[in-house]
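Peer 1: The structure's right below; bear with me while I get my questions together.
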Amino acid sequence: MLFEEIKDELKTLIGDKFKIKDYITGIYVYLDEFKEIDQNKLIEIIKRYKKRIFIRFSNRLQQDVTDKMIREMLKTIQIDDILFSNVFGEVYIKVKYLNISELIEKYGKNIFLSTGWYPIFERSPSIDSDFAKSMFKNKYGRDVEKMLKRVGTKMAERIDSISYVTLTMLGGFQEVGRTSMLLETKHSKFLLDAGIHPAPPSPQDELPMFELLGSLNDLDGIIVSHAHTDHVAAIPYLYKMGYDGPIYMTPPTLELAVLLQMDYLNLAEKGDNRDFLYSIKDIKNMLDHAILLDYGQTTDVSKDVKLTFYNAGHILGSASIHLNIADKFVMIYSGDIKYGPTQLFDPAYDKYPIANTLIVESTYGNKVLPSRDQAESILINKIKEVLDRKGKVLIPAFAIGRSQEIMVTLYRYANQDWNIPIYIDGMIKEASSLHSQYLEYLHEDIRRMILDNRSPFEWEYLKVVNGKSKDEIVKEPCIIIATAGMMNGGPILEYLKMLADDEKSALIFVGYQSPGTLGNRIQGGSRKVLLKDNGDYKEYDLKLEVMTIEGFSGHSDMNQLLEWIKSIKNPPRKVYTMHGDANTTIEFARTIKQLLKINTDAPLNMERRRLR
């Protein structure tokens, strides 16, 4: 067995005096006392068996003593919280300090050797956030050993043969919304994403077609690409219905997913439908089962499947999902992807040596969008025009991604072009706070700005709407960025009511508007809209200017998608398009087939394909 082989190798390296535990995230080796270990030989073992190995101490100081020692060592640094894990021999230290690598280099080894506890530092967001404080306790205070051990036990051996690989389309195929698909081999079943439709044509279209899953107990795991509602909002529902297994995602995705799911409950409570899909208890259950993986961190998730996340360039923590099946077959699911320049993130990862099958989004698969520079120029000129006529600028934006992208753009131009307040409302503050926490996931330029105390998320003219009356805000020229991005709820609707008949003001769309949403109807020319007002619905006649600026999207256009597919060294034998309306997915499939000479299909929901 794999575990016993690794154990024997470790005995030759460090002797017999150690305890060892095998978890899905890696093998933990607990030494009775400090021992110098040949790091080169340890790395050889890790590479040979493709399994991470963590060295920890069995003998550790008491937690209260360690807490005092750490606070004394870091007395010049603000410590916001300290938590301990007896299972892993780790101490988690939340600090108000931007350069975490500097802290690790300066204090990490000293803390480890003097206390026996392995320190893991986490950066507190520069923007104060109650949500971030609670998430730190939820992440590191949960008991995950039982689940990690249970999942790890299933993988005592690896299987290097394939009988079949199939994919069942549960949602998001020839549509945008409720993205989900089921990957099956003879030995494994994984659900990839589980979202909710933002504007379902009927109630039964809100969720993916989970009835095709069979027993939830047969699932080996849920794998999440990123934290947007149409990819993660249905996951707590699965835990409510009895799923009790692991869920894999990047660290930022977990925090953003919980934030979005809580907001989904909040919007549902304010809406007409009181029959909620799940509760806070179910969100907590999901959080307790989360296994967090960074980009490039390959992990066995079943006997025959290895998972690796790679940067998708879409939003904070977004990932393309790379699945290696029995070292003989590779499937890549793009997730929502941006293979082009943005203010916030590096372009999507493009160093894949091979993909036998590719599942690719196609939101803009039949369009060429303006460049980012063009989009910024159009936006800035329009804002100046509206402000010159004493109007207000209203921008509906997703709390995660588009809001921060627009904030960075406005930061760059504000001092030279205007000095009026920019208000952010909805979840935008909390989402921006997480961006200031996970600097390693941001573009180098933004990271450097924040490290130099020039954060585009905290500056003079940027105002958070905290208790300030919306009536007061709209009295003077200003810019308002508010959720929800597709105008299917949230504070954006309150501002729209106030500014509806103001011909001097402008409503500017900067993100995708899904068919069926209010944003899509207004974008399409509708100027009479029904909005809820004091419990009843009232018709509003929109007299403010309405315009759409393309180019800020976190999705790739047709040319970027084609270039990304071409970057795969050994191109896929088969491509499936999804995450686009019927015309777009079909047209993009045809384009791939014609230009790249790859067999391509645009399947429908409920269809199943044999990949191998």
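The values are calculated or read from the model by the stated rules, or taken from the named source; none is laboratory data. Owing to the predicted nature of the structure, the values given are computational and were not obtained by experimental measurement. All Cβ positions, even for glycine, are placed from backbone atoms using ideal geometry, and neighbour counts span all protein chains on display. Remember, those area values only see protein heavy atoms, side chains included, never the ligands or the DNA or RNA. Shrake-Rupley method; radii C 1.70, N 1.55, O 1.52, S 1.80 Å.
Peer 1: Considering only segment 358-377, how many residues are among the polar types (S, T, N, Q) and surrounded by fewer than 21 Cβ atoms within 10 Å (Cβ to Cβ)?
Peer 2: 4
Peer 1: Scan segment 9-44 for residues that are open to solvent by 20 Å² or more (accessible area, probe 1.4 Å), in contact with a helix residue (DSSP H, G or I) (Cβ under 8 Å, 6 or more places away or on another chain) and either more than 30 Å from Tyr248 (Cβ to Cβ) or assigned to a helix (DSSP H, G or I) (or both) and jot them down.
Peer 2: Answer for segment 9-44, where residues must be open to solvent by 20 Å² or more (accessible area, probe 1.4 Å), in contact with a helix residue (DSSP H, G or I) (Cβ under 8 Å, 6 or more places away or on another chain) and either more than 30 Å from Tyr248 (Cβ to Cβ) or assigned to a helix (DSSP H, G or I) (or both): Glu9, Leu13, Phe34, Lys35, Asp38, Lys41.
Peer 1: Go through (1) closer than 30 Å to Leu507 by Cα; (2) crowded, with 17+ Cβ neighbours inside 10 Å for Asn381 and report which single condition fails.
Peer 2: (2)
Peer 1: Another question, then. For segment 530-571, give me the residue count where each residue is of a type in the set (S, T, N, Q), surrounded by fewer than 17 Cβ atoms within 10 Å (Cβ to Cβ) and either out of contact with any strand residue (DSSP E or B) (no Cβ under 9 Å at 6 or more places or on another chain) or within 25 Å of Ser403 (Cα to Cα) (or both).
Peer 2: Adding up the residues that qualify gives 4.
Peer 1: Moving on. Suppose the filter is of a type in the set (Ser, Thr, Tyr), part of a loop (DSSP other than H, G, I, E, B) and touching a helix residue (DSSP H, G or I) at 6+ places or on another chain (Cβ under 8 Å); does Tyr339 pass it?
Peer 2: yes
Peer 1: Right, something else. Looking at this structure, is Met547 closer than 26 Å to Asp388 by Cα and part of a helix (DSSP H, G or I)?
Peer 2: Criteria not met by Met547.
Peer 1: All but one of (1) closer than 20 Å to Ser279 by Cβ; (2) part of a loop (DSSP other than H, G, I, E, B); (3) open to solvent by less than 10 Å² (accessible area, probe 1.4 Å) hold for Ile222; state the number of the condition that does not hold.
Peer 2: The single condition Ile222 does not satisfy is (2).
Peer 1: Then there's this: When segment 289-309 is examined, which residues are found to be touching a strand residue (DSSP E or B) at 6+ places or on another chain (Cβ under 6 Å) and outside any loop (DSSP other than H, G, I, E, B)?
Peer 2: Ala290, Ile291, Thr299, Asp300, Val305, Lys306, Leu307, Thr308, Phe309 - these are the residues of segment 289-309 that are touching a strand residue (DSSP E or B) at 6+ places or on another chain (Cβ under 6 Å) and outside any loop (DSSP other than H, G, I, E, B).
Peer 1: In addition: When the residues of segment 582-611 are narrowed to those that are in contact with a strand residue (DSSP E or B) (Cβ under 7 Å, 6 or more places away or on another chain) and β-branched (Val, Ile, Thr), which ends up nearest to Gln204 (Cα to Cα)?
Peer 2: If we take residues in segment 582-611 being in contact with a strand residue (DSSP E or B) (Cβ under 7 Å, 6 or more places away or on another chain) and β-branched (Val, Ile, Thr), then Thr585 is nearest to Gln204 (Cα to Cα).
Peer 1: Would you call Glu430 part of a helix (DSSP H, G or I), of a type in the set (D, E, K, R) and either open to solvent by less than 40 Å² (accessible area, probe 1.4 Å) or at pLDDT 95 or above (or both)?
Peer 2: It is false that Glu430 is part of a helix (DSSP H, G or I), of a type in the set (D, E, K, R) and either open to solvent by less than 40 Å² (accessible area, probe 1.4 Å) or at pLDDT 95 or above (or both).
Peer 1: Could you tell me how many of the residues in segment 167-211 are crowded, with 20+ Cβ neighbours inside 10 Å, farther than 17 Å from Glu607 by Cα and hydroxyl-bearing (Ser, Thr, Tyr)?
Peer 2: The number of residues fulfilling the criteria is 1.
Peer 1: Kindly check whether there is at least one residue in segment 487-501 that is of a type outside the set (Lys, Arg), in contact (Cβ under 8 Å) with a residue 12 or more places away in the chain, surrounded by fewer than 17 Cβ atoms within 10 Å (Cβ to Cβ) and assigned to a loop (DSSP other than H, G, I, E, B).
Peer 2: Within segment 487-501, one or more residues are of a type outside the set (Lys, Arg), in contact (Cβ under 8 Å) with a residue 12 or more places away in the chain, surrounded by fewer than 17 Cβ atoms within 10 Å (Cβ to Cβ) and assigned to a loop (DSSP other than H, G, I, E, B).
Peer 1: Which condition breaks for Ile82 when tested against (1) in contact (Cβ under 8 Å) with a residue 24 or more places away in the chain; (2) in a strand (DSSP E or B); (3) surrounded by 13 or more Cβ atoms within 10 Å (Cβ to Cβ); (4) of a type outside the set (Gly, Ala, Ser)?
Peer 2: All conditions pass for Ile82, except number (1).
Peer 1: If I ask for residues that are part of a strand (DSSP E or B) and either among the charged types (D, E, K, R) or open to solvent by 60 Å² or more (accessible area, probe 1.4 Å) (or both), which ones from segment 56-69 would you list?
Peer 2: Across segment 56-69, the qualifying residue is only Arg56.
Peer 1: Sticking with this structure for a sec: So which residues in segment 307-338 are of a type in the set (A, V, I, L, M, F, W, C) and open to solvent by 10 Å² or more (accessible area, probe 1.4 Å), if there are any at all?
Peer 2: Val330
Peer 1: Are any residues in segment 88-97 open to solvent by less than 40 Å² (accessible area, probe 1.4 Å), farther than 12 Å from Gln63 by Cα and either assigned to a loop (DSSP other than H, G, I, E, B) or small (Gly, Ala, Ser) (or both), and if so, which ones?
Peer 2: Within segment 88-97, just Phe88 meets the criteria.
Peer 1: Please count how many residues of segment 499-529 are touching a strand residue (DSSP E or B) at 6+ places or on another chain (Cβ under 9 Å) and over 15 Å from Thr363 (Cβ atoms).
Peer 2: 16
Peer 1: Moving on. Please give the number of the condition Val144 fails out of (1) open to solvent by 50 Å² or more (accessible area, probe 1.4 Å); (2) more than 30 Å from Trp459 (Cα to Cα); (3) modelled with pLDDT under 90.
Peer 2: Val144 satisfies every listed condition except (1).
Peer 1: Looking at Glu72, Glu102 in this structure, which one is under 28 Å from the mean Cα position of the chain (by Cα), free of Cβ contacts under 8 Å to residues at least 24 places away in the same chain and surrounded by fewer than 13 Cβ atoms within 10 Å (Cβ to Cβ)?
Peer 2: Glu102
Peer 1: Further, regarding this structure: Condition first: free of Cβ contacts under 8 Å to residues at least 40 places away in the same chain and touching a helix residue (DSSP H, G or I) at 6+ places or on another chain (Cβ under 9 Å). Now tell me which residues in segment 552-591 satisfy that.
Peer 2: Leu562, Lys566
Peer 1: Do we find a residue being over 28 Å from Asp193 (Cα atoms), open to solvent by less than 10 Å² (accessible area, probe 1.4 Å) and not small (Gly, Ala, Ser) anywhere in segment 396-408?
Peer 2: Yes, there is a match, as at least one residue in segment 396-408 is over 28 Å from Asp193 (Cα atoms), open to solvent by less than 10 Å² (accessible area, probe 1.4 Å) and not small (Gly, Ala, Ser).
Peer 1: Restricted to segment 45-55, and to residues that are open to solvent by 100 Å² or more (accessible area, probe 1.4 Å) and without any contact (Cβ under 8 Å) to a residue 60 or more places away in the chain, which residue is nearest to Ile159 (Cα to Cα)?
Peer 2: Arg48
Peer 1: Residue check: is Glu430 acidic (Asp, Glu), free of Cβ contacts under 8 Å to residues at least 60 places away in the same chain and more than 22 Å from Ile549 (Cα to Cα)?
Peer 2: Criteria not met by Glu430.
Peer 1: Moving on. Considering only residues that are open to solvent by 10 Å² or more (accessible area, probe 1.4 Å) and either in a helix (DSSP H, G or I) or in contact (Cβ under 8 Å) with a residue 40 or more places away in the chain (or both), which ones fall in segment 469-486?
Peer 2: Lys470, Asp471, Glu472, Val474, Glu476, Pro477, Thr483, Ala484, Met486 - these are the residues of segment 469-486 that are open to solvent by 10 Å² or more (accessible area, probe 1.4 Å) and either in a helix (DSSP H, G or I) or in contact (Cβ under 8 Å) with a residue 40 or more places away in the chain (or both).
Peer 1: Please tell me if Ile522 is closer than 23 Å to Lys351 by Cα, part of a helix (DSSP H, G or I) and of a type in the set (Val, Ile, Thr).
Peer 2: no
Peer 1: When you scan segment 105-116, do you find a residue that is under 25 Å from Arg454 (Cβ atoms) and part of a helix (DSSP H, G or I), even just one?
Peer 2: Checked against the condition, which is being under 25 Å from Arg454 (Cβ atoms) and part of a helix (DSSP H, G or I), segment 105-116 yields at least one hit.
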